[in-house]
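Here the structure is laid out as structure tokens; the discussion comes afterwards.
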Amino acid sequence: MKIAFVVGYFPVLSETFIVNQIIGLIDRGHDVDIYAYQPGNTSQLHPDIIKYQLLGRTKFQPSIPQNFFWRLLKAVKLIIANFHKSPLVLLRSLNVFKYGRWAASLRLLYSVIPLLNTETYDIIHCQFGTLAREGMAWRDMGAIKGKLITSFRGYDISWFIHEYGEHIYDELFTKGDFFLANCKYFQTKAIRIGCEPQKIVVHGSGIDCSQFQLKKRLPPEPNGKIYLATTCRLIPKKGTEYSIRAVAKVAKIYPDIEYNIIGDGYLRDELAQLIQDLNVTAQVKLLGWKNQPAIIEVLDQAHIFLAPSITSDDGNQDAPLNTLKEAMAMGLPVISTQHGGIPELVEDGISGFLVPERDVDAIAEKLTYLIKHPEIWSQMGAAGRAYVETHYDMNKLNDELVQIYQQVIANNLPLLQPTLAVAGRLNYEASGS
């Protein structure tokens, strides 16, 4: 199959699930092209991006000047240079009557430049619903051809709807060929706002379990430190503030703990100030972004993993987190929240604990319990590893993705078999929630 992946920035350290799908398809003999808005973080590349030379497969849109005069001047140059390739597509991208401000701002014109003279694809896979609206417009204009599949992954089916209303995807639900949700929670939400139930299934985000070795978690030597870890972007919906506050409470009783937070974001300065205000600079460390080998090194040392996700004020929510899957695959007991799709991953009392959102006392209570009962760490860790291997192994999920593609190409809908991520425990009918 010839497949186009439509992504935002590429590569992004926090979006290894996209890389996992791309290399899985390449390994299975399929031809993948990547269309991205702009280059992402290229200073710390995932090893597979280098191994598979994915940047060589990526076409980026021309950068768009903020000043409209310079944007217009550059647009004229782009039209002159590319008009011979596909004049109709370029002219259609300027149709303000059909595409409104999108065309008037010239952003649609800039976005179609990498698509001119592309071959027909079997599948056009838009990795977020927000990108699929653009992919739909490209296909309408004749800039790209193929079956349009959309993945809903989190902010696109939570914050975006909160911001623009429940009818924002109406046209996409009609024109799109098929939809994937990375958890039951978001699948049900998509159906509620208008997606036909037979056009959407749950297809989880996979991880390479072979890269995350199971380790039996044992208590430290007497007077040794207990290491805690979190991997996330430093944005509101990750709830990092609440785990920091909980660790500060626990540190009053157990000062020999160290909490390492991997990631970055616009809340970094605010969280650094909170750490200082709570007088836990000796216990809580903001490590910044790390590539996958460095993340694995931190997790290998850790005893407990924290993921205190919340529904942010703008409605943004999380699916089952890949960072949680990675921690569970390495045998870490976890503390997370009753939030979004996370209860589909973490079995409360089995692989870890789930607490209410924003509940500092509840996080502190469960953390204290785990510190007092290290004998259950390995049992919880083994349960988490088994669950991730069964439901979120990327090799199984990539096999499933190929089957989904093939059935969509053959117009074989609804899909005849339940998907791996829901088989045996969930189904994809709206009445099931």
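Taking the inverse of the mean 1/r over every pair of distinct Cα atoms in segment 93-134 gives a Kirkwood hydrodynamic radius of 11.6 Å. At q = 0.18, 0.20, 0.24 Å⁻¹, work out log10 I(q)/I(0) for segment 1-76 with the Debye formula, treating every Cα as an identical point scatterer and leaving solvent out; two decimals please. Rounded to two decimals, the profile gives -0.72, -0.83, -1.08. Cα axis of helix 129-141 to longest principal axis of the chain: angle in degrees, 0 to 90, nearest 10? Tilt relative to the chain: about 10 degrees. Ellipsoid fit via the Cα gyration tensor, segment 242-349: semi-axes of 21, 18, 15 Å, each the root of five times an eigenvalue, largest first.
Judged by the mean number of other Cβ atoms found within 10 Å, the most tightly packed of the peptides 260-273, 344-357, 215-228, 196-209 leads the ranking 196-209, 344-357, 260-273, 215-228. Highest mobility in the GNM of the chain, judged by mean-square fluctuation with C-alpha springs under 10 Å and restricted to ALA36, ALA383, ALA75, is found for ALA75. Taking amide H positions as modeled 1.01 Å from N, with prolines and chain starts lacking one, the residues under 5 Å from PHE152 and 5 or more places away or on another chain are LEU180, ALA181, ASN182. Within the listed set GLU375, GLU241, GLU400, the residue fluctuating most in the Gaussian network model of the chain (springs between alpha-carbon atoms under 10 angstrom) is GLU375. Of all the options TYR254, TYR35, TYR110, the one that moves most in a Gaussian network model of the chain with Cα springs shorter than 10 angstrom is TYR254. Note on the chain: Rg/Rh from C-alpha atoms, Kirkwood Rh, equals 0.99. Computed over segment 2-202, the P(r) tail beyond 27 angstrom holds 32 percent of alpha carbon pairs. Think of it as helices only: each DSSP H run of n ≥ 4 in the chain is worth -39500 (n - 2.57), and spread over all residues that comes to -11500 deg cm²/dmol at 222 nm.
With θ taken as phi - 60° and the Karplus curve 6.51 cos²θ - 1.76 cosθ + 1.60 applied, the whole-hertz 3J(HN,Hα) list for segment 294-303 is 5, 4, 4, 4, 5, 5, 5, 7, 6, 10 Hz, x standing for glycine and proline.
In segment 209-390, Rg over Rh equals 0.93, where Rg is the alpha-carbon radius of gyration and Rh the Kirkwood radius from pairwise Cα distances. Angle of helix 240-251 to the longest C-alpha principal axis of the chain, folded into 0 to 90 degrees and rounded to 10: 10°.
Couplings 3J(HN,Hα) for segment 31-44, derived from phi with the Karplus relation 6.51 cos²θ - 1.76 cosθ + 1.60 (θ = phi - 60°), are 9, 10, 10, 10, 10, 10, 5, 8, x, x, 7, 9, 7, 10 Hz, where x marks Gly and Pro. Amide H to amide H, with H built 1.01 Å from N, PHE353 comes under 5 Å of VAL334, ILE335, SER336, counting only residues 5 or more places away or on other chains.
Coordinate-derived values only; no laboratory data. Predicted, not measured: the structure shown is a model, and the values here were computed from it. Every residue, glycine among them, receives a Cβ derived from its backbone with ideal geometry; neighbour counts consider all protein chains shown.
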